[in-house]
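Notes for the one structure printed next.
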Amino acid sequence: MIPEVSKFVKVSLADVYEWFEGRGQRELAEQFVYQYSPEYVAEMWQEDVDFMRGLMQSVCAFMKVEVDQILSKTRKAEVAMARHIFFAVVRHYRPRISLSRLGDFMNRDHATALHGIKKINDVLYSDKMFRRELQALLARLIDLKLIGDMSLIANAPMLTKATQNEQGDD
């Protein structure tokens, strides 16, 4: 970390600590300072990077694409879908990772990450086969202890006959 920034962060954290402590909130002050200390933030980011690396390898293996392909500029359908799945899984299971950081990790911008997430949500809504495939991937990720549940699928609405009729798709 740049020394000037580090000094600013420490001064700011000290000010915040004093503010909370002055209001009788010492426990909250200690918790806040710990959570936003440069060491804690660096440790948290490293955990997120490790998670994303493991996830990327698993998604690539499942989708039968190479890691360098998912990081490349290619727009091939199978590679783009693997990239979209990666974005959606990271965003769902690690919401603290900003779209900008997610995009940076994949050599993309935040808008590309957001587009990938929306794409997966749309496909989950309309394609039962894709939903089953994603369920198999999530089961694999649970086995690898990268994620803890199937909530990505459980929280996604399904396109049923009733919703198709509401949309005028008879």
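The values are calculated or read from the model by the stated rules, or taken from the named source; none is laboratory data. Quick caveat: nothing in here was measured; it's all calculated off a predicted structure. Surface areas here come from the heavy atoms of the whole protein model, side chains and all, with no ligands, DNA or RNA. Shrake-Rupley method; radii C 1.70, N 1.55, O 1.52, S 1.80 Å.
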Skip the ligands, DNA and RNA, and give the accessible area per residue of the stretch 47-114 with a 1.4 Å probe, whole Å². 51 Å²
I'd like the Karplus ³J(HN,Hα) series for the stretch 85-102: coefficients 6.51, -1.76, 1.60, θ = phi - 60°, whole numbers in Hz, and an x wherever there's a Gly or Pro. 4, 4, 4, 5, 5, 4, 5, 6, 8, 9, x, 6, 7, 5, 4, 5, 5, 4
Here the alpha-carbon Rg of the stretch 66-125 over 2.2 N^0.38 Å rounds to 1.02
